[in-house]
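Asks: First, the structure itself, so that you have it in front of you.
Read-outs throughout are calculated quantities, based only on the coordinates presented, and are distinct from any laboratory measurement. All values reported here derive from a predicted model rather than from experimental measurement. Note: ideal-geometry Cβ built from the backbone for every residue, glycine included; neighbour counts use all protein chains shown.
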Amino acid sequence: MTIARRTSIFAVGVFLLALLLATTLLSLAFGAFRIALPDLLRIIGTGPNGDALDAVAHNVFWQVRLPRVVLAMLVGSSLAVAGVIMQGVFRNPLAEPATVGVSAGAAVGAVIAIIVGLNAFPLGVQLAAFIGGTLSTALVYLLSRSDGKTEVVTMILTGIAINAFAGAVIGFGIFVADDDELRSVTFWSLGTLGLATWNAVGVVAPLALLGILISTKFSRVLDILALGDRPASHLGVRVEPVRLQAIAVVGLLASSAVAATGIIAFVGLLVPHIMRIVLGPRHRHLLWTSALLGATVTLLADLAARTLLSPAELPLGVVTALIGAPFFLLLLRSTRRSQGGWA
Amino acid sequence: MTAALVAKNLVVVRGSTTLLNDVSLEVSAGELVAVLGPNGAGKSTLLGAVAGDFPLTSGSVTLNGSNIDKLAPNDLARVRAVLPQQISISFPFTVREIVAMGRSPWRDTNDTMRIDAAMQRLDVTALQERVYQTLSVGEQARVSMARVLAQDTPLLLLDEPTAGFDIGQQERFLAIARSLVDEGRGVVAVLHDLNVAMRFATRVVVIHEGRCVASGDPQSVLTPALLSDVYHQKIQVTTTAEGRSVILPEHQ
């Protein structure tokens, strides 16, 4: 099939919105405590301070379920958009915050912050996660580029090295942590929405929305970067400054996501890939549709994490890795084929 | 719509190697300047230096009187377009999407008229919905050239634009280059085929070991003595019955 088929953006937008709405309703209704649809609508209708006819359902909805759903959407959108930008900047469909070690870098920053007691300060952990995430993005970028191209093998291997280093730091964190710290440290390495609170939403929301908003500024330039550095500069793009800005946005999005939920792998890989198949590679639509689909996918994965072994709860990172890793292997194979082998 | 390119005393040194040694080049509107020379002579380096791809060790490049270092990248992209030797594109963009990228410096990627015209000129209209990576090398080269045309600049710098073309495609391509010159644009093209340069260039510049060894109109510059010296190969220039000059290597 050599003719590119592109689905109408309007149809895709409507479909994605409908899908997100349906998934949101499902996520609000199901879980350890089930809320029937009529009750759900009544609880939403009366508002957070409304009559507590069924106090338990009321509390579950406003204090547990809703912040969790909102956080899942924010984190999913952030990771998916970070994936789109990263793939555009690296000119490589395999780049993703978790696989190349950005998420792990952010987790390391967060773990160090917890161990040294920075969590006493507001935003201390998030700031440390941001620094860790951005530093590891820059590191992967510097190490895996030569002659203006990102070598897939080097990029993946750099990711392995950073992930191994992060694993060691987190392991050390577990070793020296007291019980309280231990719980938060394990949380970073597994990835979960189980600790979602309105506070967490309040921290992530501005960062995620800011990052996604800024990302739309890059859509034209990301398209042109697909031509390569020199042709892009011949078209008037200031390649290096733009790339640094884009990497900072990836750092912002991935780190704020990791700071709230720990490492959630493969959302940033899977979602942009699906949207590129449906819409083609132009970033103008790729960015916002990936944000919508990222929210939906993360909600679905979290719904699975909460309900599959109910009343026990699986870490969300485990669910996304179970689905994402085989997909990553397939993508790796097809990328390898299109590049004629990496021997 | 005119562009006068003046490159003065260009020197490019990388490490301990001198890639360009005191080369000057002038191109005005309505000229097709062919840059010739053996492999590794510094032709692409000259084109890159003129395009502003890297800092010069010394020398200057001015476009319509202003130094290209002082021009904002986007303003420069509205005056000169560059066709690189070969590009690898990431992600499955279609031919049309790639040609439309040429309108980017003008913030005008929906300029259907110019995009259509550029595709038509390079005969890639039928390919417009195809994905670039699925095309043959020759088709890809034509798409890249269409993108360069869509940029609609008074000056075009082309690095081996006919590499990978068969003789028919080469003729058609050079006719296009000629028509660009007739429109009043200036074209600089790195070429390998001396006969092509002889027939199409209004002026040739011969680069050898980083230096400009000759420049002027093709008939007077491309002499057996100069060519034999530069290419380390005995070369003869004969004239056909129709009065056309043909450059041929001599039998050993």
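Asks: Rounded to whole Å and sorted largest first, what semi-axes of the equivalent ellipsoid does the C-alpha gyration tensor of segment A:67-335 yield via the square root of 5 times each eigenvalue?
Replies: Largest first, segment A:67-335 gives 29, 20, 17 Å.
Asks: While we're on this one: Kirkwood Rh, Cα Rg: Rg to Rh for segment B:88-230?
Replies: Computed over Cα atoms, the ratio is 1.02.
Asks: Volume per residue, Å³, of the convex hull around the alpha-carbon atoms of segment A:244-304?
Replies: With only Cα atoms used, segment A:244-304 gives 91 Å³ per residue.
Asks: If we count every other residue with Cβ under 10 angstrom of residue B:108's Cβ, Lys/Arg +1 and Asp/Glu -1, where does the sum land?
Replies: +1
Asks: Working only with C-alpha atoms, what are the Rg and Dmax values of segment A:207-298, expressed in angstrom?
Replies: Computed over the Cα atoms of segment A:207-298, radius of gyration and Dmax are 13.8, 41 Å.
Asks: Taking every Cα atom in segment A:63-127, find the radius of gyration and the maximum pairwise distance Dmax, and write them in Å.
Replies: Cα radius of gyration and Dmax of segment A:63-127 are 14.6, 42 Å respectively.
Asks: Still on this structure: Using only the alpha carbon atoms of segment B:28-158, find the Kirkwood hydrodynamic radius as the inverse mean reciprocal pair distance, in angstroms to one decimal.
Replies: Taking the inverse mean of 1/r over all distinct Cα pairs, segment B:28-158 comes out at 15.9 Å.
Asks: Would you work out the relative contact order for chain B, in percent, from Cα pairs under 8 angstrom that are 6 or more residues apart?
Replies: Answer for chain B is 26 percent.
Asks: Determine how many Å³ per residue the convex hull of the Cα atoms of segment B:63-104 encloses.
Replies: Dividing the Cα hull volume of segment B:63-104 by its residue count gives 99 Å³.
Asks: Could I ask something else about it? Just to confirm the filter: which trypsin sites (Lys or Arg not before Pro) across segment B:47-101 are DSSP coil and have at most 14 other Cβ within 10 angstrom of their Cβ?
Replies: Answer in residue order: B:70.
Asks: Taking only the alpha-carbon atoms of the protein assembly as shown, what semi-axes of the equivalent ellipsoid follow from 5 times the gyration tensor eigenvalues under a square root, in whole Å, largest first?
Replies: 57, 25, 19
Asks: Taking the alpha carbon gyration tensor of segment B:87-152, what are the square roots of 5 times its eigenvalues, largest first, to the nearest whole Å?
Replies: Result for segment B:87-152: semi-axes of 17, 12, 10 Å.
Asks: Please express the Cα-Cα pair-distance distribution P(r) of segment A:134-258 as a list of whole percents, one per 10 Å bin, running from 0 to the bin with the greatest distance.
Replies: Binned Cα distances yield the sequence 11, 30, 33, 19, 7, 1.
Asks: Now a separate question. Would you work out the relative contact order for segment A:67-335, in percent, from Cα pairs under 8 angstrom that are 6 or more residues apart?
Replies: Computed over segment A:67-335, the figure is 35 percent.
Asks: Two decimals is fine: what is log10 I(q)/I(0) at q = 0.12, 0.21 Å⁻¹ for segment A:1-109, from a Debye sum with one equal scatterer on every Cα and no solvent?
Replies: -0.66, -1.10
Asks: Report the Cα centroid-to-centroid distance between segment B:78-121 and segment B:188-216 in angstrom, as an integer.
Replies: Between the Cα centres of segment B:78-121 and segment B:188-216 lies a distance of 28 Å.
Asks: Report the Cα-based extents of chain B along its three principal axes, largest first, to the nearest Å.
Replies: Its Cα atoms span 53, 44, 33 Å along the three principal axes.
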